[in-house]
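The values are calculated or read from the model by the stated rules, or taken from the named source; none is laboratory data. It should be emphasised that the depicted structure is a prediction, and the values quoted were computed from it without experimental measurement. Every residue, glycine among them, receives a Cβ derived from its backbone with ideal geometry; neighbour counts consider all protein chains shown.
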Amino acid sequence: MTVKFRSIRIAACVLTTLIAAPVLAGSAAESISANEPFVRMTPPGTTNTGAFMVLKNADSKDHKLVKAESTVAKATELHTHTNEGGVMKMRPVKDIEIKSKGEAVLKPGSLHVMLIGLKQDIKEGDNVAITLTFEDGSSKKVEAPVRKIQTEMKMKMEMKHDHEGMKH
């Protein structure tokens, strides 16, 4: 066997190992589960809504959600809420970190997936398909049921009202 042929053979083995390594290591999408997904129901004609879920990372390394897509909206973005001078504002974020053996909670008033420019009315009981893409390019499709949810303030007011009614 010539030295030149042996070098080519070694290079081919190294290249094969490098190509196969990511497949053997497992992808972020395989390590992350999307639990309790749902999309907030909106009144007819509303053009934006949010999707929420708990992303759990079973891997020994951190991962990042870098993109979300859905065919029900013209644009799908990763968002968070910030308090600016006492005013809550939504802002896009470039990614959502999911710590090793941890979770990222996407919930109203916090991190979430924003569905912008809804192409159709969505109603309670519908399912919305959302594709989540992670830092390594792997993706996971999530079916999120549409649910009617109350805001925290409305629930507190109703609880206060119910509690006041018990005094009489």
Task: For Glu97: the one exception among (1) outside any strand (DSSP E or B); (2) at pLDDT 95 or above - done: (1)
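Among the residues in segment 116-138, are any of a type in the set (S, T, N, Q), under 12 Å from the mean Cα position of the chain (by Cα) and under 22 Å from Ser31 (Cα atoms)? Give the derivation first.
If we filter segment 116-138 for residues that are of a type in the set (S, T, N, Q), which is where we start, we get 120, 127, 131, 133, 138.
Keeping just the survivors that are under 12 Å from the mean Cα position of the chain (by Cα) gives 131, 133.
So of that shortlist, the ones also under 22 Å from Ser31 (Cα atoms) come out as 131, 133.
Looking through segment 116-138, at least one residue is of a type in the set (S, T, N, Q), under 12 Å from the mean Cα position of the chain (by Cα) and under 22 Å from Ser31 (Cα atoms).
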Open item on the list: Cβ-Cβ distance below 8 Å, separation of 6 or more or different chains: which pairs start in segment 88-115 with a residue that is closer than 26 Å to Thr46 by Cα and end on one that is part of a strand (DSSP E or B) and among the acidic types (Asp, Glu)?
Closed with: Pro92/Glu77; Val113/Glu77; Met114/Glu77
TODO: Answer yes or no: is there a residue in segment 33-41 that is farther than 22 Å from Ile149 by Cα, without any contact (Cβ under 8 Å) to a residue 40 or more places away in the chain and touching a strand residue (DSSP E or B) at 6+ places or on another chain (Cβ under 9 Å).
DONE: yes
- [ ] Taking the options Lys89, Lys107, Lys61, name whichever one is of a type in the set (Lys, Arg), farther than 16 Å from Ala144 by Cβ and in contact with a strand residue (DSSP E or B) (Cβ under 9 Å, 6 or more places away or on another chain).
- [x] Lys89
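Got a sec? Which of Gly117, Gly50 is farther than 21 Å from Phe134 by Cα, touching a strand residue (DSSP E or B) at 6+ places or on another chain (Cβ under 7 Å), at pLDDT 95 or above and not in a helix (DSSP H, G or I)? Working first, answer last.
Working: Gly50 fails: farther than 21 Å from Phe134 by Cα.
Going through Gly117, Gly50 in turn, the sole match is Gly117.
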Task: Those residues of segment 56-65 which are under 12 Å from Glu30 (Cα atoms) and crowded, with 20+ Cβ neighbours inside 10 Å, in sequence order - done: Asn57, His63
